[in-house]
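The values are calculated or read from the model by the stated rules, or taken from the named source; none is laboratory data. Note that the structure is predicted; figures quoted are calculated from it, not measured. Neighbour counts are summed over all protein chains in view; Cβ atoms, including those assigned to glycine, are modelled from backbone coordinates with ideal geometry. Keep in mind that these areas ignore ligands, DNA and RNA; they rest on the heavy atoms of the full protein, side chains included. Shrake-Rupley method; radii C 1.70, N 1.55, O 1.52, S 1.80 Å.
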Amino acid sequence: QVQLVESGGGLVQPGGSLRLSCVFSGSNFRLYRMGWYRQAPGKRRELVASITSAGATDYADSVKGRFTILRDNAKKTMYLQMNSLKPEDTAVYYCNTVGRPPLVWGQGTQVTVSS
């Protein structure tokens, strides 16, 4: 059974940066289009960034130019570099596949942007 483990969240001031990591345990990581999702209190989970197996990326308008998604297929790990963070980026961040039924969701990692 594939497991997804997110880490790297924390409390950061507006304008700060964080780097999230997602470790994929299981096979076929390199074949999946992967993405970072987030869910803020009282809101639906949304996809903020995705990356194909070949490395092509896509971003939600709300994070474009501030977030960068990366993957290392050899390490079966995906990253989200988040710069110029805003209070509205506060959410629990999850990783999962994109464009197919999701794998079992991990516990996520909390990102809080506040002064």
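Worth pointing out:
- Exposure of L11 as accessible area (Å², to 10), given a probe of 1.4 Å and all protein chains: 130
- Largest mean-square fluctuation among D89, D61, D72, in a Gaussian network model of the chain whose springs join Cα atoms under 10 Å apart, belongs to D61.
- Local net charge near S17, Cβ-Cβ under 13 Å (Lys/Arg +1, Asp/Glu -1): +2
- Cross-link partners of K76 among lysines, defined as those whose alpha carbon lies under 27 angstrom from its own and excluding same-chain residues fewer than eight positions apart: K64.
- For the chain, the equivalent ellipsoid built from the Cα gyration tensor has semi-axes of 22, 14, 13 Å, listed from largest to smallest.
- Based on alpha-carbon atoms, the Kirkwood radius and the radius of gyration of the stretch 21-78 give Rg/Rh equal to 1.00.
- The stretch 1-35 and the stretch 40-83: distance between their alpha carbon centers, rounded to Å: 9
- Ranking by accessible area, most exposed first, for Y59, Y93 with a 1.4 Å probe: Y59, Y93
- Shown for the chain: the carbon plus sulfur share of the solvent-accessible area, taken with all protein chains present and a 1.4 angstrom probe, equals 49%.
- Of the residues V23, V92, V104, the one that moves most in a GNM of the chain with alpha-carbon contacts below 10 Å is V104.
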